[in-house]
Amino acid sequence: MSYYEITGGRPLSGSLAVHGAKNSVLPILAACLLVPGQCVLHNCPNLSDVSATLDILRLLGCRADREGDAVVVDASALSRWEVPEHLMREMRSSVIFLGALLARLGTAELFYPGGCELGPRPIDLHLSALRALGAEILEEQGALVCRGGQLRGREICLSIPSVGATENAMLAACGCPGQTTLVGAAREPEIIDLQGFLQAAGARVTGAGTSTIVIEGGAPLRPAEYRVMGDRIAAATYLCGAAAATGEIELTGVSPATLTAVLACLEEGGCVLHTGPDRIALRCGAPLRGISPVRTAPYPGFPTDAQAVLMAALAGGEGATLFVENIFDSRYRHVDELRRMGADIQLAGRAAMVSGVGRLHGAAVCSTDLRGGAALVVAALGAEGTTQVSELRHIKRGYQALDKNLRALGAEIREIP
């Protein structure tokens, strides 16, 4: 089992292009099923979750090939509607194939998805949205058997702004005659990116980025070429790494408008920030200081995916910060590992009080999930001594060449087989 060996205390410096967004490219790859032809996606990150998605596309009868940072998907020969359990268990976002298969073939058979263990994440909202469009869904021994029945555009009201349910409803609605109005939709930038791809393919979708999305379904889609947005959570991770280690870095290929809440926290903690249309520059010359309470919330609030990496940076700083996790029940699993590095973090339900200790120390730690693993890397960059971070399979689900990119910024990190 390989691990990262990181010697902390090396200030970061330099410029880095941020890879494409994991949380955009996965639903966009599923959306390629709607197109009876070839689609080309540029800025497609080379991640294990992306590889698993391409495996699913191939199993369904599509051609799916990587050409550098581009992926070519041809769904002309889409012939299967069943996704086996072992592929579904590799990642939670595989449930997004439900809406796309229903729209294109009128049927789908999937198992309950896997992914990081972050507490209960029921897909009830996905299923109720699809049922509202007329789908018949049976749940049999962990499997979901879905039939299109009489799919037709309708108004769908989401009780909470679920990103996955919003995406599934958008994809399914593209195959429904008539107008679908999605009320209470998630507003994340990745939803806007999915709309951008669908529009490039000829779909009539508007309103992404607001709480109401309108889809005029039933129109045939055409082959499209599209560039995936930069990964805002990867960007947040590199920024927090530079804040933990100190230094001065510039990130390109990512919109600062998608990271407003994170940038505000880093600025309050003592970082100096400069931004441009697709550029973020950060300078940090001293340990972070405690900041106002950080409460995770749906976009445009503070993203739950950035909670762990910011906590790791603040744990090695000075002063106290209260975190309140409002999205997932089990998103503090990285805390015990940070404590191994000397962090002072007290938990009480959904709240975590972080008291900066000035500097963490190296230790052998284990990634608990994707963002928790990234948090351990952030902590190690600013820690005294050497840290070994194991269970890299979690990290590689969402970060392309993390060790190589950090070395390019001056970090002392290497992967040990």
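The values are calculated or read from the model by the stated rules, or taken from the named source; none is laboratory data. Keep in mind the model is a prediction, meaning the values are calculated, not measured. Neighbour counts are summed over all protein chains in view; Cβ atoms, including those assigned to glycine, are modelled from backbone coordinates with ideal geometry.
Which members of segment 304-338 meet the condition of being closer than 20 Å to Leu392 by Cα and of a type outside the set (A, V, I, L, M)?
Asp305, Gln307, Ser330, Arg331, Tyr332, Arg333, His334, Asp336, Glu337
Report, by residue number, each residue of segment 55-98 that is modelled with pLDDT of 90 or more, of a type in the set (A, V, I, L, M) and within 17 Å of the chain's Cα centre (by Cα).
Correct list: Ile96 only.
Which one of the conditions (1) free of Cβ contacts under 8 Å to residues at least 12 places away in the same chain; (2) farther than 28 Å from Val389 by Cβ does Leu41 fail to meet, given that it meets all the rest?
Here Leu41 meets the rest and fails (1).
One line per residue, one yes/no per condition, for (1) of a type in the set (Asp, Glu); (2) over 18 Å from the mean Cα position of the chain (by Cα); (3) over 21 Å from Leu402 (Cβ atoms); (4) outside the structural domain of Ser211 (by TED's automatic domain parsing):
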site	(1), (2), (3), (4)
Thr258	no, no, no, yes
Glu268	yes, yes, yes, yes
Ala281	no, yes, no, yes
Tyr299	no, no, yes, yes
Glu325	yes, no, yes, yes
Phe328	no, no, yes, yes
Arg331	no, no, no, yes
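So that you can scan it fast, the table gives a plain yes or no per residue for (1) surrounded by 21 or more Cβ atoms within 10 Å (Cβ to Cβ); (2) modelled with pLDDT of 95 or more:
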| position | (1), (2) |
| --- | --- |
| Ile137 | no, no |
| Gly149 | no, no |
| Glu155 | no, yes |
| Glu167 | yes, yes |
| Thr180 | yes, yes |
| Gly184 | no, yes |
| Ile191 | yes, yes |
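One line per residue, one yes/no per condition, for (1) out of contact with any Cys (no Cβ under 8 Å at 6 or more places or on another chain); (2) over 25 Å from Phe328 (Cβ atoms); (3) crowded, with 18+ Cβ neighbours inside 10 Å; (4) of a type outside the set (S, T, N, Q):
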residue	(1), (2), (3), (4)
Arg350	yes, no, no, yes
Met353	yes, no, no, yes
Val357	yes, yes, no, yes
Leu360	yes, no, yes, yes
Val365	yes, no, yes, yes
Gly373	yes, no, yes, yes
Val377	yes, no, yes, yes
Glu384	yes, yes, no, yes
Gln388	yes, yes, no, no
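Considering only strands (runs of 3 or more DSSP E) fully contained in segment 247-288, which possess at least 2 residues that are in contact (Cβ under 8 Å) with a residue 40 or more places away in the chain and among the β-branched types (Val, Ile, Thr)? Outline the logic, then answer.
Working: elements: 247-252, 272-276, 279-284.
Output list reads 247-252.
Within the bounds of segment 212-230, is there any residue that is surrounded by fewer than 24 Cβ atoms within 10 Å (Cβ to Cβ) and among the polar types (S, T, N, Q)?
Yes - at least one qualifying residue is present in segment 212-230.
Considering only strands (runs of 3 or more DSSP E) fully contained in segment 341-390, which possess at least 2 residues that are of a type in the set (S, T, N, Q)?
Values: elements: 344-348, 351-355, 364-366, 386-390.
Correct list: 386-390.
Select from segment 195-218 the residues that are in contact (Cβ under 8 Å) with a residue 40 or more places away in the chain and aliphatic (A, V, I, L, M) and write down the one among them that is farthest from Asp74 (Cα to Cα).
Ile213
Identify the residue in segment 212-232 that is touching a Leu at 6+ places or on another chain (Cβ under 9 Å) and assigned to a loop (DSSP other than H, G, I, E, B) and, among all such residues, is farthest from His42 (Cα to Cα).
Applying the first criterion (touching a Leu at 6+ places or on another chain (Cβ under 9 Å)) to segment 212-232 yields 212-215, 217, 221, 224-228, 230, 232.
Of the ones still in play, those that are also assigned to a loop (DSSP other than H, G, I, E, B) are 221, 224, 228.
Details: Leu221: 19, Ala224: 11, Val228: 6 Å.
Looking at the filtered set, the residue picked out is Leu221.
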